[in-house]
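**Q** For reference, the structure I am asking about is given below.
The values are calculated or read from the model by the stated rules, or taken from the named source; none is laboratory data. Quick caveat: nothing in here was measured; it's all calculated off a predicted structure. Please note: Cβ atoms are built from the backbone with ideal geometry, for glycine as well, and neighbour counts cover all protein chains shown. Accessible surface is based on the protein model in full, side chains and every heavy atom, while ligands, DNA and RNA are left aside. Shrake-Rupley method; radii C 1.70, N 1.55, O 1.52, S 1.80 Å.
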Amino acid sequence: MKITGDQQLIKKMNKSIVLDTIRQRQPLSRADISAGIGLNKATVSSLVSELIDSRLVTEIGPGESSGGRKPTLLLFNKQAGFAIGVDIRVSDLLAVLVDLEGSVIREKSVPLTDFTPENVVDQIGKTIRLLSRRLPDSPYGIVGIGIGVPGLVDETSRVVSAPNLGWDNVDLAGALAAEFGGNLHIDNEANAGAIGEKLYGAGRDSQNLIYLSIGVGIGSGIIVGGALYRGTSNFSGEVGHMTVAEDGPLCRCGNRGCWETLASEKALLDRAAGIWRDHTPGLEQILDAGKRGDKQALDLLNEIGSQLGVGLANLVNILNPELIVIGNRLSLAGELFEEAMLQTIKNRSLSYHRKKTHVDFAKLGIRSTALGAASMPITAFLTDPDVSVRELS
Ligand SMILES: [Zn+2]
């Protein structure tokens with residue numbers, strides 16, 4: 001029988017749905033899948049056989065019987081392959097090797113002081129090669145690589161601007177394609193962080209959430225109806241440059257009074273440098289001082305918390321999210337500014353809007369972006385498992 005193009009597409013879609021059902025609801029039987037997604041048992045059995053042949057699904061011993069023969073249960077083979085996620089940060093590269101369910105197998109942090117694209121590309125290459133060595137035995141090896149960048153990444157994966165790295169118009173994908181192309185994903189770090197928290201962290205049960213990455217600046221990833229909102233050119237989420245004080249401090253973008261000039265880690269450190277004139281404390285020192293009850297440190301963190309609340313109240317009113325996840329460096333001090341932040345949101349947002357909004361801190365800590373970046377090639381691979389995957393040497 002000749003199969004037409006459309007039939008092949010439908011088969012591929014059905015196979016992807018069957019695999020997704022097994023991943024979400026494992027362990028389960030073929031009959032459970034058939035009942036769950038409304039495909040007949042013969043079709044489900046045939047697709048499951050293909051998934052077992054391709055080693056993405058395994059069978060385990062019989063489950064509970066509902067009368068007749070006990071059914072064989074199916075499991076997703078999470079170690080059928082691995083992915084690598086890289087977070088390019090201002091202090092270092094953080095890279096993780098994960099299985100297909102996003103569990104960290106290995107991780108590596110490499111200090112960064114030279115931010116030239118050539119050096120960063122070189123360090124990324126070395127780190128990927130290091131993490132790819134002596135992988136656990138698997139049919140697919142490394143299925144792909146994802147990279148989070150602190151800057152604007154357009155829809156063609158070009159890094160248009162990354163001010164903290166001093167990058168303009170850098171073709172990061174092009175520089176890595178020869179060795180690591182095929183299933184390579186490059187995205188803004190806050191977008192990757194939002195996806196990481198949605199899939200594996202604080203946002204697992206939320207369909208509408210905002211992930212805030214608060215470090216040197218403030219970026220966000222906005223998830224609407226379960227999917228990332230990317231905007232027209234993939235540039236959505238630059239909430240740090242929302243004006244909150246018309247004549248406020250000058251921002252690196254050229255504008256005045258951007259939210260991140262008042263509420264980021266840099267805003268905190270700039271203010272701290274003005275208070276403790278004899279030395280310049282880092283975030284960790286301010287955090288320690290706050291925990292010891294130092295009044296100046298606590299006042300400073302309260303002030304940052306209030307300023308965070310101002311911008312968050314705007315976001316709550318505009319987007320009416322279910323969840324706001326505070327991530328990246330400043331979340332380390334979360335317990336010390338949380339009260340001031342929540343009080344300001346309460347005072348300044350519309351009551352109907354905030355009623356169902358929860359504010360939480362990133363569950364993946366500083367790994368939100370690296371894990372979200374790693375999830376991108378995994379999602380692409382599992383949507384089309386027939387995609388050709390190249391073994392890394
Ligand atoms: Zn700005």
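**Q** Once a ≥ b ≥ c are taken as the square roots of the eigenvalues of the Cα gyration tensor of region 100-256, is the result rounded (a/c under 1.5), prolate (a/b larger than b/c) or oblate (a/b not larger than b/c)? Display every interim value, and only then the final one.
**A** Numbers: a/c = 2.04, a/b = 1.35, b/c = 1.51.
Since a/c reaches 1.5 but b/c is at least a/b, the shape of region 100-256 is classed as oblate.
**Q** Just report the Cα centroid separation between region 143-170 and region 96-132, whole Å.
**A** Answer, in whole Å: 15.
**Q** Could you tell me what % of all Cα pairs in the chain have separations over 28 Å?
**A** Numbers: 40155 of 77028 pairs.
Tail of the P(r) past 28 Å holds 52 percent of the pairs.
**Q** A further question on this structure: Between ASN14 and LEU75, how many nm apart are label points set 7 Å from Cα along the C-beta direction?
**A** Here the answer is 2.8 nm between the modelled labels.
**Q** Aspartates and glutamates within cross-link reach of LYS126: Cα-Cα under 18 Å, excluding same-chain residues under 8 positions apart?
**A** ASP87, ASP92, GLU107, ASP114, GLU118, GLU179, GLU391
**Q** If contacts are Cα pairs under 8 angstrom and at least 6 residues apart, what is the relative contact order of the chain in percent? Present the calculation step by step, with values, prior to reporting the outcome.
**A** Details: 772 pairs, mean separation 67.1, N = 393.
After rounding, I find 17 percent.
**Q** Using a 10 Å cut-off on Cβ atoms, rank the peptides 321-327, 167-173, 231-237 from the highest mean neighbour count down.
**A** Working: 321-327: 24.4, 167-173: 17.1, 231-237: 15.3.
Answer by packing, highest mean first, reads 321-327, 167-173, 231-237.
**Q** Charges only on Cβ, +1 for Lys and Arg, -1 for Asp and Glu: so what's the dipole of the chain about the Cα centre, in debye to the nearest 20?
**A** Numbers: 40 positive and 45 negative charges, 237 e Å.
Dipole about the Cα centre, nearest 20: 1140 debye.
**Q** For a quick check of understanding: with a 1.4 angstrom probe and all protein chains in place, what accessible area in square angstrom does TRP276 have, to the nearest ten?
**A** 40 Å²
**Q** From the Cα gyration tensor of region 277-381, with a ≥ b ≥ c the square roots of its eigenvalues, which class applies: rounded if a/c is under 1.5, or else prolate if a/b is larger than b/c, or else oblate?
**A** Numbers: a/c = 2.84, a/b = 1.19, b/c = 2.39.
Cα axes put region 277-381 in the oblate bin.
**Q** Of the cross-linked pairs LYS15/LYS78; LYS15/LYS70; LYS198/LYS291, which ones have a Cα-Cα span greater than 22 Å in the structure shown?
**A** Working: LYS15/LYS78 17 Å; LYS15/LYS70 24 Å; LYS198/LYS291 30 Å.
Beyond 22 Å: LYS15/LYS70; LYS198/LYS291.
**Q** Now a separate question. Straight-line reach from LYS11: which aspartates and glutamates fall under 20 Å, measuring Cα to Cα and dropping same-chain residues less than 8 apart?
**A** ASP20, ASP32, GLU50, ASP53, ASP384, ASP386
**Q** Can you grab the distance from the C-alpha centre of region 23-53 to the C-alpha centre of region 304-367, Å, no decimals?
**A** So the two Cα centres are separated by 41 Å.
**Q** If you don't mind, there's one more thing I want to ask. Run lengths n ≥ 4 of DSSP H only: what is the helix-derived mean residue ellipticity at 222 nm for the chain, with -39500 (n - 2.57) per run over all residues, to the nearest 500?
**A** Computed ellipticity for the chain at 222 nm equals -13000 deg cm²/dmol.
**Q** Quantify, in whole percent, the carbon and sulfur part of the accessible surface of the chain (1.4 Å probe; protein heavy atoms only). Show your work: numbers first, answer last.
**A** Working: 9220 of 18700 Å².
Whole-percent figure for carbon plus sulfur exposure: 49.
**Q** To continue, here is another question. When only the heavy atoms of the protein chains count and the probe is 1.4 Å, how do ASP99, ASP270 rank by accessible area, highest first?
**A** Working: ASP99 5, ASP270 85 Å².
Descending accessible area places them as ASP270, ASP99.
**Q** What list of whole percents do you get for P(r) of region 5-76, with Cα-Cα distances grouped in 10 Å bins up to the one holding the largest distance?
**A** Histogram of Cα-Cα distances, whole percents per bin: 21, 56, 19, 4, 0.
**Q** Leaving ligands, DNA and RNA out of it, rank ILE17, ILE318, ILE186 by accessible area with a 1.4 Å probe, largest first. Mind showing how you got there, number by number?
**A** Working: ILE17 80, ILE318 125, ILE186 10 Å².
Result of the area sort, largest leading: ILE318, ILE17, ILE186.
**Q** Might you work out the accessible area of THR243 for me, using a 1.4 Å probe with all protein chains in place, and round it to the nearest 10 Å²?
**A** Taking all protein chains as shown, THR243 has close to 80 Å².
**Q** In a GNM of the chain with a 10 Å cut-off on Cα contacts, which of THR344, THR127, THR113 has the highest mean-square fluctuation?
**A** THR113
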